[in-house]
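*Asks:* Sending over a structure as structure tokens; questions will come in a sec.
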Amino acid sequence: MIALGADHGGFELKEAIRAHLDSLGVAYRDFGCFSTESVDYPDMAAPPCRAVVAGECDKALLFCGTGVGISIAANKIHGIRACCCSDVFSAKYTRLHNDDNALCLGGRVVGAGLAIELVDVFLNTAFEGGRHATRVAKITALEDER
Ligand code: RB5
């Protein structure tokens, strides 16, 4: 189950990815937004990320104008490892090495064709574990710092 979230800057790209997930038969929950009316990306990041942390969804796909703002907001939620990507190598290795559970894309940065490639790589690449698990555990430990 994939959690989708976007602000107005990412709305159209979210819709393109939603159609792609439909074509693949991949289940998702769409947490909005549902139009190009202006909304604040932290408000749109939180509900899908909380669904991932709660185990209701496996991963989140998040969209804003740049992908950056919504990734910063997502990373504030304990248990979320979000990466803003616009290249396939990073989308692959953030799964292999970081066990990333939220991919963030910029609707004003990448086109739908590249976004589909990024999403497919992200959803189909497994975490390598091993020494990377030790490092991811150290990321999680940072969440306890004030
Ligand atoms: C909204 O205009 C824009 O700031 C937002 O979508 C995002 O790019 C922020 O990082």
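Bear in mind that the values in this text are calculations on the coordinates, not laboratory data. Just so we're clear, the structure is a prediction, and the values are computed from it rather than from any experiment. Neighbour counts run over all protein chains shown; Cβ positions are idealised from the backbone, glycine included.
*Asks:* Six or more apart or on different chains, Cβ under 8 Å: which pairs go from a residue in segment 109-133 that's assigned to a helix (DSSP H, G or I) to one that's basic (K, R) and buried (at least 16 other Cβ atoms within 10 Å of the Cβ)? Could you list them?
*Replies:* Matching pairs, first to second residue: V121/K92; V121/R95; F122/K59; F122/K92; F122/R95; L123/K59.
*Asks:* Of the residues V119, V109, which single one is among the β-branched types (V, I, T) and either farther than 15 Å from G10 by Cα or within 16 Å of the ligand (Cβ to nearest atom) (or both)? Show your work before the answer.
*Replies:* Numbers: V119 fails: either farther than 15 Å from G10 by Cα or within 16 Å of the ligand (Cβ to nearest atom) (or both).
Within the list V119, V109, the selection yields V109.
*Asks:* Considering segment 89-108 alone, what residues qualify as being of a type in the set (S, T, N, Q), in contact (Cβ under 8 Å) with a residue 24 or more places away in the chain and surrounded by fewer than 19 Cβ atoms within 10 Å (Cβ to Cβ)? Lay out the reasoning, then the answer.
*Replies:* Pass one, segment 89-108, residues of a type in the set (S, T, N, Q): 90, 94, 98, 101.
From what is left, the residues that are in contact (Cβ under 8 Å) with a residue 24 or more places away in the chain are 94, 98, 101.
The one that is of a type in the set (S, T, N, Q), in contact (Cβ under 8 Å) with a residue 24 or more places away in the chain and surrounded by fewer than 19 Cβ atoms within 10 Å (Cβ to Cβ): N98.
*Asks:* Scan segment 17-45 residue by residue and report those that are crowded, with 18+ Cβ neighbours inside 10 Å and among the small types (G, A, S).
*Replies:* A45
*Asks:* Here is a follow-up. From the list I72, I80, exactly one residue is of a type in the set (V, I, T), within 16 Å of the ligand (Cβ to nearest atom) and either without any contact (Cβ under 8 Å) to a residue 40 or more places away in the chain or closer than 20 Å to R135 by Cβ (or both). Which is it? Talk me through it step by step, then tell me what you get.
*Replies:* Numbers: I80 fails: within 16 Å of the ligand (Cβ to nearest atom).
Within the list I72, I80, the selection yields I72.
Residues are listed down the side, and each one gets a yes or a no for (1) under 13 Å from the mean Cα position of the chain (by Cα); (2) touching a residue at least 60 places away in the same chain (Cβ under 8 Å):
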site	(1), (2)
G5	yes, yes
G10	yes, yes
A16	no, yes
L24	no, no
Y28	yes, no
F34	no, no
A46	yes, no
R50	yes, no
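*Asks:* Also: Please verify whether segment 58-69 includes one or more residues that are touching a residue at least 12 places away in the same chain (Cβ under 8 Å), within 21 Å of T140 (Cα to Cα), assigned to a helix (DSSP H, G or I) and of a type in the set (D, E, K, R).
*Replies:* The answer is no, given that none of the residues of segment 58-69 is touching a residue at least 12 places away in the same chain (Cβ under 8 Å), within 21 Å of T140 (Cα to Cα), assigned to a helix (DSSP H, G or I) and of a type in the set (D, E, K, R).
*Asks:* Within segment 84-100, how many residues turn out to be more than 16 Å from the ligand (Cβ to nearest atom) and either assigned to a helix (DSSP H, G or I) or closer than 11 Å to S71 by Cα (or both)?
*Replies:* Pass one, segment 84-100, residues more than 16 Å from the ligand (Cβ to nearest atom): 87-100.
With the extra rule that they be either assigned to a helix (DSSP H, G or I) or closer than 11 Å to S71 by Cα (or both), the set shrinks to 88-96.
Matching residues across segment 84-100 total 9.
*Asks:* Tell me which residues, restricted to segment 1-44, are in contact with a Phe, Trp or Tyr (Cβ under 8 Å, 6 or more places away or on another chain), within 15 Å of the ligand (Cβ to nearest atom) and assigned to a helix (DSSP H, G or I).
*Replies:* F11, L13, K14, M44
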